[in-house]
Amino acid sequence: MTKVASHDEISKSLRAFVDGYNRNARLKAMNRDWNRTVLVQATDIPSQHTLVLRDGELTLLEGAAGEADLTVTAGSDLLADLFAGEITPTEPYLDGRLKVLGREEDIIRLDFISLMIWGE
């Protein structure tokens, strides 16, 4: 049976991701001109969040906000683990459990950001 994370667990993981990003001066400097909106949505529960990167600062909003440049979709448990840094995106992306829609260069940048925050 697949474990299901709650909307609040996903929110907590995303807040940890945002905090990790915003504490990293190097990441903020590298992304100061990369303004993107990322929709994060669970496939198994009603849960949507929006990550907004503007002028190097990352913020988290509840729900879908505006047009997304990237959409990250997966089961709730995978999203919670991924944004908490407990797993890397590579395996779930390759086996299809994690879907990331957007321009390839944006997907690569998002993957790099997660590596910079959580390490390998």
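Just the residues that are part of a helix (DSSP H, G or I) and either of a type outside the set (Gly, Ala, Ser) or at positive phi (or both), please, taken from segment 109-120.
Here is the first cut: in segment 109-120, the residues part of a helix (DSSP H, G or I) are 109-118.
If the condition is that a residue be part of a helix (DSSP H, G or I) and either of a type outside the set (Gly, Ala, Ser) or at positive phi (or both), then ARG109, LEU110, ASP111, PHE112, ILE113, LEU115, MET116, ILE117, TRP118 are the ones that fit.
Filter segment 1-26 for residues that are in a helix (DSSP H, G or I) and touching a Gly at 6+ places or on another chain (Cβ under 8 Å); which is farthest from VAL72 (Cα to Cα)?
Within segment 1-26, the subset in a helix (DSSP H, G or I) is 7-22, 25-26.
Restricting the remaining residues to those that are touching a Gly at 6+ places or on another chain (Cβ under 8 Å) gives 16-17, 20.
Details: ALA16: 17, PHE17: 14, GLY20: 19 Å.
Of everything passing the filter in segment 1-26, GLY20 is farthest from VAL72 (Cα to Cα).
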Worksheet item: So, of the residues in segment 91-120 that are surrounded by 12 or more Cβ atoms within 10 Å (Cβ to Cβ) and closer than 21 Å to VAL4 by Cα, which turns out to be modelled with the lowest pLDDT?
Response: TYR93
Worksheet item: Just one of ALA65, ALA84 is at pLDDT below 95, within 19 Å of TRP118 (Cβ to Cβ) and among the aliphatic types (A, V, I, L, M); which is it?
Response: ALA84
Worksheet item: Looking at (1) assigned to a loop (DSSP other than H, G, I, E, B); (2) touching a residue at least 60 places away in the same chain (Cβ under 8 Å), which is the only condition ALA68 fails?
Response: (2)
Worksheet item: If we keep just the residues of segment 54-73 that are more than 18 Å from HIS7 (Cβ to Cβ) and over 14 Å from the mean Cα position of the chain (by Cα), which is surrounded by the most Cβ atoms within 10 Å (Cβ to Cβ)?
Response: GLY56
Practice prompt. Starting from residues that are of a type in the set (Lys, Arg) and within 24 Å of ARG103 (Cβ to Cβ), keep the ones in segment 12-53 and report whichever is surrounded by the most Cβ atoms within 10 Å (Cβ to Cβ).
Written response: ARG36
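Condition first: of a type in the set (A, V, I, L, M), touching a residue at least 60 places away in the same chain (Cβ under 8 Å) and not in a helix (DSSP H, G or I). Now tell me which residues in segment 71-108 satisfy that.
So the first thing to find is which residues in segment 71-108 are of a type in the set (A, V, I, L, M), and the list is 72, 74, 78-80, 82, 84, 87, 94, 98, 100-101, 107-108.
From what is left, the residues that are touching a residue at least 60 places away in the same chain (Cβ under 8 Å) are 79-80, 82, 84.
The one that is of a type in the set (A, V, I, L, M), touching a residue at least 60 places away in the same chain (Cβ under 8 Å) and not in a helix (DSSP H, G or I): ALA84.
The values are calculated or read from the model by the stated rules, or taken from the named source; none is laboratory data. Just so it is clear, the model here is predicted, and its values are computed rather than measured. Reconstructed Cβ throughout: ideal geometry from the backbone, glycine too, with neighbour counts over all protein chains shown.
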